[in-house]
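Contents: one structure, followed by commentary.
What follows draws every value from the coordinates through simple rules; no lab data is involved. From a predicted model like this one, the values you see are computed outputs, not experimental measurements. Backbone-built Cβ (ideal geometry, glycine too); neighbour counts: all protein chains shown.
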2 protein chains.
Amino acid sequence: MSADSLDSIDRAILREVLRDARLTLQELSGRVNLSPSPCARRVRILEERGYISGYHAHLDEAKLGYPFSVFVSVKLAHQVDDRLQAFEQAVNAYPEVIDCWLMTGTRDYLLRVAVADLVEFEGFLTRRLTKVPGVASIESSIPIRRVKKGFSRLD
Amino acid sequence: MSADSLDSIDRAILREVLRDARLTLQELSGRVNLSPSPCARRVRILEERGYISGYHAHLDEAKLGYPFSVFVSVKLAHQVDDRLQAFEQAVNAYPEVIDCWLMTGTRDYLLRVAVADLVEFEGFLTRRLTKVPGVASIESSIPIRRVKKGFSRLD
DNA sequence: ACTGAAAATGCCAGACC
DNA sequence: GGTCTGGCATTTTCAGT
């Protein structure tokens, strides 16, 4: 079961719900040139098969009090998987951490952290990150602005 | 107009629509202990004031044929803003580029690129990125897996 | 087997309290 | 902030291709 099983109508549906998850079935079916019920069936199948993993509101982080993002590169001391799991558990518990990727190479993690200001960020570093056992080094980069905000690649 | 003007019910609403953008007003109002119409009013206000910027489906990039992500760090030759705009325009046009941030420092961009495989990634580098005028250097890092996938910070 | 149509259920928006 | 009603969307079932 892969991308091949999607026809052009399925892709059109995905494109539309990517842009607006709250489209009514009527609007959606009209846009993809189908009547409501086959359109509803296709949507349900796309959900069941996992092409659509969910529908989420997107919030304005700045308006909510977190206008600053910081990218943090974390290197763990070379130990076994226990450390990785402990680190990942901590990261998942911190609300400041929005995204986290395990990178190839030397036990490297890349994090995006959202904070109110640099004072809060310093607190995050000193009171949170450096307290996680096994953290060997930390490097921070501050973005100026977001140039492109994508949700998912579709074509 | 800032985050202060949100009370605990507003925050509860944001938390719920963040998790599921397709909740019906009935379900939503039940979860935040409100009756449907004041709940609808609050949602509308949150949308109008920009706390909620949109509702989007989240798709499974791997299932759609793009299982590999690559982080690309791009440095531009030091020139004026024309180059930045040209680069950003190009990045916005490339479907492979999901996210792009302009970083502080030396004309640095950080990109996340989604590709089918490393062959396609090489094509992206040679036929796309290196063709953009002003690109001085490119560094790629490959993640193994996504540890945390956040949508927005809320608390 | 997949598409289109129709009926019944349930949801939403507005005026009003 | 809560209640109610008219109108519409959704969903399920059923028939057609």
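Report, by residue number, each residue of segment B:128-145 that is touching a residue at least 12 places away in the same chain (Cβ under 8 Å) and assigned to a strand (DSSP E or B).
If the condition is that a residue be touching a residue at least 12 places away in the same chain (Cβ under 8 Å) and assigned to a strand (DSSP E or B), then B:135, B:136, B:137, B:138, B:139, B:140, B:141, B:143 are the ones that fit.
Specify which of the listed residues (B:25, B:46) is farther than 30 Å from residue A:48 by Cβ and in contact with a helix residue (DSSP H, G or I) (Cβ under 9 Å, 6 or more places away or on another chain).
B:46
Could you please let me know if residue B:125 is within 7 Å of chain A (Cβ to nearest Cβ) and either buried (at least 16 other Cβ atoms within 10 Å of the Cβ) or outside any strand (DSSP E or B) (or both)?
Details: within 7 Å of chain A (Cβ to nearest Cβ): no; either buried (at least 16 other Cβ atoms within 10 Å of the Cβ) or outside any strand (DSSP E or B) (or both): yes.
Considered against the rule, which asks whether it is within 7 Å of chain A (Cβ to nearest Cβ) and either buried (at least 16 other Cβ atoms within 10 Å of the Cβ) or outside any strand (DSSP E or B) (or both), residue B:125 comes out as no.
Looking at segment B:16-68, which of its residues are among the basic types (Lys, Arg) and either within 11 Å of DNA strand C (Cβ to nearest atom) or within 11 Å of chain A (Cβ to nearest Cβ) (or both)?
Listed by number, the residues that qualify are B:19, B:22, B:41, B:44, B:49, B:63.
Look at segment A:1-15 and say how many of its residues are in contact (Cβ under 8 Å) with a residue 24 or more places away in the chain and either more than 14 Å from every other protein chain (Cβ to nearest Cβ) or of a type in the set (D, E, K, R) (or both).
4
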